[in-house]
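Report on the following structure.
The values are calculated or read from the model by the stated rules, or taken from the named source; none is laboratory data. The model shown is predicted, which means the values in this text are computed figures rather than measured ones. A quick note on method: Cβ atoms are made from the backbone with ideal geometry, for glycine too, and the neighbour counts reach across all protein chains shown. These area figures cover heavy atoms from the full protein model, side chains too; ligands, DNA and RNA do not enter into them. Shrake-Rupley method; radii C 1.70, N 1.55, O 1.52, S 1.80 Å.
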Amino acid sequence: MGDVRDLRSAKSARRRDAHVVDDELVVDAERSAPRTARHWVMRTIAGAGVGGASNQVVELLTGELVSNAVVHGPHSGSVRVQVRIDGEVVRVGVRDSGGGTPTVGHPEPTAPSGRGLALVEALSSAWGTQLHADGKTVWFEVHTYE
């Protein structure tokens, strides 16, 4: 007798049954926020059938953006993490009430930080910043087809 497979986990079945996922998490702007956001987004997209390398990239980039919001944003307040899955595209936005426009840095090799947006730029399908009257949202997209 052959192996039993769950055909609903196959990519073709997942795409055919795909529905839009739109969810949000709000965390306090504190040191534990990146870990909390990474774990939440990882579970959210895994629950929608996104796994493997795509899941890991989204988890990493979410942590980088939330870390930036905590470090460069106001020391009190909250960080809003939004995830949207529509077909084969995962979009994550991280909103804080800080000012300024984030730019990709090119730190010295021995610098302890400053590579977060370079990772976002290198690993995402697209990314950008949206300014608001009360802050900004930095977002990225990852296409999950392989």
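What about residue 60, is it buried (at least 20 other Cβ atoms within 10 Å of the Cβ) and of a type outside the set (Phe, Trp, Tyr)?
For residue 60, the condition - buried (at least 20 other Cβ atoms within 10 Å of the Cβ) and of a type outside the set (Phe, Trp, Tyr) - is not met.
So which residues in region 69-94 are open to solvent by 50 Å² or more (accessible area, probe 1.4 Å) and over 19 Å from residue 114 (Cα atoms)?
Residues satisfying the conditions are 76, 78, 80, 82, 84, 86, 88, 91.
Report yes if residue 120 is touching a residue at least 24 places away in the same chain (Cβ under 8 Å), in contact with a Leu (Cβ under 6 Å, 6 or more places away or on another chain) and within 15 Å of residue 63 (Cβ to Cβ), otherwise no.
Against the criterion (touching a residue at least 24 places away in the same chain (Cβ under 8 Å), in contact with a Leu (Cβ under 6 Å, 6 or more places away or on another chain) and within 15 Å of residue 63 (Cβ to Cβ)), residue 120 qualifies.
Looking at (1) free of Cβ contacts under 8 Å to residues at least 40 places away in the same chain; (2) over 22 Å from residue 103 (Cα atoms); (3) surrounded by 14 or more Cβ atoms within 10 Å (Cβ to Cβ); (4) under 13 Å from the mean Cα position of the chain (by Cα), find the lone condition where residue 66 falls short.
Only one criterion in (1) free of Cβ contacts under 8 Å to residues at least 40 places away in the same chain; (2) over 22 Å from residue 103 (Cα atoms); (3) surrounded by 14 or more Cβ atoms within 10 Å (Cβ to Cβ); (4) under 13 Å from the mean Cα position of the chain (by Cα) is unmet by residue 66, namely (2).
Taking the condition of being open to solvent by less than 50 Å² (accessible area, probe 1.4 Å) and in contact with an Asp or Glu (Cβ under 6 Å, 6 or more places away or on another chain), how many residues in region 95-110 meet it?
1
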